[in-house]
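One structure is given here, and the rest of the page talks about it.
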Amino acid sequence: MAGNPDDPVLTLEDLASWSFRGTPLAVLGHPIAHSLSPPMHNAALAAMAVTRPEFSSWKYFRFDVPPDRLAEALGRLHAADFQGVNLTVPHKVLACGLVADVDPAAAPIGALNTLRRTPAGWRGFNTDGHGLATALQHELGVGLRGASVVLLGAGGAARGAAVECLARGCAALWIGNRTRSNLDALLAVLAPLAGPIPIRGFDPARPPPDLPADAVVVNATSAGLKPDEPAPIALRRLPAGISVFDMIYNPPQTALLRDAAALGLRHANGLAMLVHQGVRALELWTGATVPADVMARAARAALPPA
Ligand code: NDP
């Protein structure tokens with residue numbers, strides 16, 4: 001056991017002497033010390049317990065689990081009566097082969113971030129797309145239905161975002177990625193899901209000249225996680241009316257968001273996406289209404305100082 005005594009970093013060895021008598025939830029990752037999910041979920045559960053006292057015995061824990069022990073971890077957490085599990089790096093894809101069944105909406109994403117207990121094992125969900133769609137609506141006033149979306153990246157987060165854009169009926173999807181082979185692999189996965197929606201791949205160094213003026217740019221690359229990393233696209237080469245969403249929330253200001261501010265474009269970072277994927281997960285586990293504002297405040301308070 002390590003870290004904050006109220007929210008320690010646990011390992012599977014801590015399950016050997018597990019004595020918690022309430023309803024446990026957990027996030028698994030490797031590393032996991034940086035995760036904002038435990039303070040976010042525990043703040044929401046405390047607020048929910050004011051009107052629904054049964055939630056006062058629920059608690060959300062963090063476990064550091066290396067990828068080669070994920071199968072063991074999921075089996076042991078199920079045996080220890082955990083009600084729900086969140087998964088973060090590097091477990092989201094691995095988990096697909098370890099659950100009893102998968103929510104049909106999550107199947108095309110090929111990655112799970114939320115597991116709900118069933119008697120037969122875990123049922124897998126992916127709430128990141130819901131988090132993105134809700135964040136775009138709340139932070140930028142952009143609804144994905146009918147939107148022109150410029151998505152940057154071709155990794156796991158980009159795949160989830162692209163599936164959500166298609167499922168919600170976006171008007172068109174442009175996807176830009178640094179490495180062409182990874183872009184082509186993503187385009188091949190998306191082709192059968194697109195129906196009449198046009199999808200075009202591009203090199204971010206050469207943005208398409210024909211973007212609609214009201215497009216929304218969504219950064220799903222990790223460019224910007226490290227301080228002073230350059231933006232993954234030159235916003236000044238895009239139309240003047242676009243809005244910009246960066247999935248990165250730590251640091252809260254990336255080069256892309258600084259450029260957006262300098263150009264007077266509407267913009268937001270990824271904190272609201274994190275919050276709303278968490279809201280949806282807690283709704284799935286509890287079946288109750290979840291206070292998003294409480295989760296947002298707890299997440300902001302738990303962020304390291306800029
Ligand atoms: P992956 O490692 O799966 O994918 C990384 C992507 O970023 C690839 O497309 C890669 O391109 C691209 N990339 C990496 N470095 C650079 C760079 N310097 N310049 C341009 N492109 C680059 O990561 P994920 O998809 O899991 O995560 C992507 C981002 O989304 C992360 O920053 C993560 O923190 C964030 N995220 C935020 C969430 C939220 O709730 N707000 C939820 C999930 C993710 P290439 O193919 O060329 O290597």
Neighbour-count ranking for 57, 181 (other C-beta within 10 angstrom, fewest to most) reads 181, 57
Within the chain, what percent of beta bridges assigned by DSSP are antiparallel, to the nearest 5? 20
Taking the Cα centroid of the stretch 165-218 and of the stretch 64-87, what is the distance between the two, rounded to the nearest whole Å? 35
Tell me, how many Å apart are the Cα centres for the stretch 96-133 and for the stretch 4-38? 21
Determine the principal axes of the Cα atoms in the stretch 95-177, then give the extent along each, sorted from largest to smallest and rounded to whole angstroms. 41, 27, 18
For the stretch 213-273, just list the percent of Cα-Cα distances falling in each 5 Å bin from zero outward, please. 4, 21, 35, 25, 12, 3
Whose amide H sits under 5 Å from the amide H of residue 122, counting only residues 5 or more places off or on another chain, with H placed in the peptide plane? 100, 101
Quick one: Debye curve from the alpha-carbon atoms of the stretch 138-218 only, equal weights, vacuum; give me log10 I(q)/I(0) at q = 0.12, 0.18 Å⁻¹ to two decimals. -0.29, -0.68
Calculated [θ] (222 nm, deg cm²/dmol) that DSSP helices of n ≥ 4 give over the chain, each run adding -39,500 (n - 2.57): -9500 deg cm²/dmol
Using a Förster distance of 25 Å, how high is the FRET efficiency between residue 171 and residue 203, based on the Cβ-Cβ distance and rounded to 0.05? 0.65
Computed Rg/Rh of the stretch 123-165, alpha carbon atoms with Kirkwood Rh: 0.97
For 283, 13, 164, order by how many other beta-carbon atoms lie within 10 Å, fewest first: 13, 283, 164
Rg/Rh of the stretch 176-306 (Cα atoms, Kirkwood Rh), to two decimals, equals 1.01
Provide, as a two-decimal number, the C-alpha radius of gyration of the stretch 160-201 over 2.2 N^0.38 Å, N being how many residues it has. 1.06
The whole-number value in µm²/s of the Stokes-Einstein translational diffusion coefficient for the stretch 7-78, with Rh from the Kirkwood sum over alpha carbon pairs at 10 °C and 1.306 mPa s, is 123
Under the Kirkwood approximation applied to all pairs of distinct alpha-carbon atoms, what is the hydrodynamic radius of the stretch 176-231 in Å? 13.2
Percent of C-alpha pairs per 10 Å bin, the chain, short to long: 6, 27, 34, 22, 9, 1, 0
Zero-based 10 Å bins, Cα pair distances in the stretch 1-120, whole percents: 13, 45, 34, 8, 0
Using the C-alpha gyration tensor of the stretch 249-299, what are the square roots of 5 times its eigenvalues, in whole angstrom, with the largest one first? 29, 9, 8
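Taken together, the values in this text are just the output of simple stated rules run on the coordinates, not laboratory data. Source: prediction; values computed, not measured. Heads up, the Cβs are rebuilt from the backbone with ideal geometry, glycines too, and the neighbour counts pull from every protein chain shown.
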